[in-house]
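Participant: Here it is: the structure, laid out below.
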Amino acid sequence: MANIKSAKKRILVINKKTEVNKSRKSEIKTYIKKFEVALAEGNYEKAKEYLTICEKKLYQAAAKNSIHKNAAARKVSRMTLKLNKVA
């Protein structure tokens, strides 16, 4: 455990940021799963909606450094390819 006041404060800040990042990543994963389910069911309109939502959420997370920007771009690209293959 840290003894210095500033180090204790940093631990608190890190814990808060970790919770926010976990929340963002979890939300993104949920929308990606919804996209996959819609695609599997053949509901292309719903899948297209989820793709736009996922794209927005991924790029926002990348802007806030929750995930790397290239990882966000890669995920969006793969999801778009999946939708285009099926549709």
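The values are calculated or read from the model by the stated rules, or taken from the named source; none is laboratory data. All values reported here derive from a predicted model rather than from experimental measurement. Quick reminder, even Gly has a Cβ in these numbers, built from the backbone with ideal geometry, and neighbours come from all protein chains shown. Ligands, DNA and RNA are stripped out before the accessible areas are found, and what is left, the full protein with its side chains, is counted by its heavy atoms. Shrake-Rupley method; radii C 1.70, N 1.55, O 1.52, S 1.80 Å.
Participant: Filter the range 68-83 down to the residues that are charged (D, E, K, R) and in contact with a Leu (Cβ under 7 Å, 6 or more places away or on another chain), then identify the one that is nearest to E41 (Cα to Cα).
Facilitator: Ranking the candidates gives K82 first.
Participant: So, one more: Would you be able to tell me the number of residues in the range 47-67 that are farther than 15 Å from E27 by Cα and in contact (Cβ under 8 Å) with a residue 12 or more places away in the chain?
Facilitator: The qualifying residues number 2.
Participant: Give the residues of the range 39-77 that are basic (K, R) and either under 10 Å from the mean Cα position of the chain (by Cα) or in a helix (DSSP H, G or I) (or both), sorted by residue number.
Facilitator: Result: K46, K48, K56, K57, K69, R74, K75.
Participant: Return the residues of the range 24-38 that are open to solvent by 60 Å² or more (accessible area, probe 1.4 Å) and touching a helix residue (DSSP H, G or I) at 6+ places or on another chain (Cβ under 6 Å); say none if nothing qualifies.
Facilitator: R24, K34
Participant: Scan the range 39-52 and tell me whether some residue there is open to solvent by less than 70 Å² (accessible area, probe 1.4 Å), under 18 Å from M79 (Cα atoms) and among the hydroxyl-bearing types (S, T, Y).
Facilitator: Within the range 39-52, one or more residues are open to solvent by less than 70 Å² (accessible area, probe 1.4 Å), under 18 Å from M79 (Cα atoms) and among the hydroxyl-bearing types (S, T, Y).
Participant: Without any contact (Cβ under 8 Å) to a residue 60 or more places away in the chain, polar (S, T, N, Q) and surrounded by 14 or more Cβ atoms within 10 Å (Cβ to Cβ): is that true of N70 in this structure?
Facilitator: no
Participant: Only one residue in E19, E27 is of a type outside the set (K, R), in contact (Cβ under 8 Å) with a residue 12 or more places away in the chain, farther than 18 Å from L83 by Cβ and in a helix (DSSP H, G or I). Which one?
Facilitator: E27
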